[in-house]
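First the structure, in the form of structure tokens, and then the observations on it.
Please treat every number below as a calculation from the coordinates, not as lab data. Fair warning: this is a prediction, and the values are worked out from it, not measured in the lab. So basically every Cβ, Gly included, is an ideal-geometry build from the backbone, and we count neighbours across all protein chains shown.
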Amino acid sequence: MTSPNLKLQKVTILGIAGSPRAGNTEIMVREALAGATEVSGVRTRFFSFHRRRFGPCVGECWEYCASHGDCCFMDDFQEFLELWLAADGILFGVPVYHMSVPAQVKAAIDRLGNVLASYFGDDLPRFSKVCAALTQGLDAFGGQELTLQYLLGHFVLMNCLAVSGDLLQSYIGAAGVAPGIELDAIQRNERALAVARNVGRRVAEMSCIVKAGLAALGDELPEKYFFRREMLGRK
Ligand SMILES: Cc1cc2nc3c(=O)[nH]c(=O)nc-3n(C[C@H](O)[C@H](O)[C@H](O)COP(=O)(O)O)c2cc1C
């Protein structure tokens, strides 16, 4: 049943593979994107950290961030920022590194947060992107849940909406064990791939619901709910 005021709109789902290798994380994220495309009206984008450069935030160029809405260091961050801003939903996958996310991913997240928070100050848009976390590591108790929790905190901090998949498959995201150090070891873990697909589908469904809801409520909502790319640029 479709209400006349709730036309389903196209949504863009961004899959992020946050590993320096083109390996298990990428396989899991692509599976999640395949799940997302089971929902009609979904367009997907993919960004991998493989062979990308992300320097860390140095925390002393706030004025540049605040006036430009960008980071003063030019590397692969700018492409990451553009894709992030354009997405309605995000499937953020990472390998577990030392019970958390890889340093490159932490650097990207630090810079994303600082650029947007510096530029918008107290008026950070309510981005309302529907986000889910995916991870896999070598060991069963290797820190998957801590890694997912880190990403969930990042989603909430960025005024986004964190979701998971369906119980009893996924608890707070898609997590699995890659039973070996090969690039495709996760292929031997069918359950991890099924969970990734389930989470991908949920993100796509919820992104459609949120986008339709925002469109239907229109003027009744504060401006903060309606981010447009042209709001971010040199002041
Ligand atoms: C620097 C580093 C730290 C790691 N730390 C952990 C860890 O804390 N827990 C774990 O289960 N696996 C850990 N691993 C193993 C990776 O998570 C695992 O090999 C994963 O499948 C790699 O994903 P990828 O193929 O997408 O790169 C670590 C690997 C590296 C290179």
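Considering only the other residues whose Cβ falls under 11 Å of the Cβ of F46, what net charge follows from Lys and Arg at +1 and Asp and Glu at -1?
+1
When a footprinting reagent is the concern and you count Cβ atoms within 10 Å, what order do L221, L112 take, fewest first?
Sorted ascending by nearby Cβ count, the order is L221, L112.
Taking the dipole about the Cα centre of segment 67-125, with the C-beta of Lys and Arg at +1 and of Asp and Glu at -1, give me whichever of L81, G121, F92 is farthest to the positive side.
F92
Under the rule of at least 5 residues apart or a separate chain, name every residue whose amide H is placed under 5 Å from the amide H of G176.
Close amide H contacts, sequence-distant or interchain: T135, Q136, G137.
Suppose we flag chymotrypsin sites (Phe, Trp or Tyr not before Pro) only when DSSP calls them loop and at most 15 other Cβ atoms lie within 10 Å. Which is the longest uninterrupted stretch of the chain?
The longest uninterrupted stretch comes out as 1-140.
Between H98 and E182, what is 0.36 nm times their sequence separation minus the Cα-Cα distance? Round to one decimal in nm.
28.4 nm
For segment 110-116, take each phi angle, set θ = phi - 60°, evaluate the Karplus expression 6.51 cos²θ - 1.76 cosθ + 1.60, and give the result in whole Hz per residue in order, putting x for glycine and proline.
For segment 110-116, the Karplus-derived couplings read 4, 6, 4, x, 5, 4, 6 Hz, x marking Gly and Pro.
Residue by residue, what Karplus-based ³J(HN,Hα) values in Hz, rounded to whole numbers, does segment 218-235 have, using 6.51, -1.76 and 1.60 with θ = phi - 60° and x for Gly and Pro?
x, 4, 6, 9, x, 3, 3, 7, 10, 5, 10, 3, 5, 6, 10, x, 4, 7
Work through the residues other than F127 whose Cβ is under 11 Å from its Cβ and net out their charges, Lys, Arg +1 and Asp, Glu -1. Can you show the working numbers first?
On the way: positive: R126, K129, K224; negative: D88.
Its environment carries a net charge of +2.
Please name which of A185, G213, C72 has its Cα lying farthest along the dipole of segment 11-231 towards the positive end, using unit charges on Cβ (Lys, Arg +1; Asp, Glu -1) and the Cα centre as origin.
Value: A185.
Pop out the ³J(HN,Hα) list for segment 24-35 in order, Karplus 6.51 cos²θ - 1.76 cosθ + 1.60 with θ = phi - 60°, rounded to Hz; leave Gly and Pro as x.
In residue order, the calculated couplings are 5, 4, 4, 4, 5, 5, 5, 5, 5, 5, 5, x Hz.
At 7 Å along Cα-to-Cβ for each site, give me the label-to-label distance between Q149 and M74 in nm.
4.1
Which GluC sites (Glu not before Pro) in segment 160-235 pass both tests, a DSSP loop state and at most 13 other beta-carbon atoms within 10 Å?
Values: sites: E182, E190, E205, E220, E223, E230; in loops: E182.
When the GluC sites (Glu not before Pro) of segment 160-235 are filtered for loop state and at most 13 Cβ neighbours within 10 Å, E182 remain.
Mind putting a number on the dipole of the chain about its Cα centre? Charges go on the C-beta only, +1 for Lys and Arg and -1 for Asp and Glu, and I need it in Debye to the nearest 20.
Dipole of the chain, to the nearest 20 debye: 440 debye.
Loop-only GluC sites (Glu not before Pro) in segment 1-101, please: DSSP not H, G, I, E or B, and at most 10 other Cβ atoms within 10 Å. It would help to have the intermediate numbers written out before the result.
Details: sites: E26, E31, E38, E60, E63, E79, E82; in loops: E38, E60.
The qualifying sites are E60.
I need V11, V58, V199 ordered by Cβ neighbour count within 10 Å, fewest first.
V58, V11, V199
What 222 nm value per residue comes from the helices of the chain, counting each DSSP H run with n ≥ 4 as -39,500 (n - 2.57) and dividing by all residues, nearest 500 deg cm²/dmol?
That comes out to -12500 deg cm²/dmol.
Filter the trypsin sites (Lys or Arg not before Pro) in segment 32-78 down to the DSSP loop ones having no more than 12 other Cβ atoms within 10 Å, then list what survives.
Filter output for segment 32-78: R51, R53.
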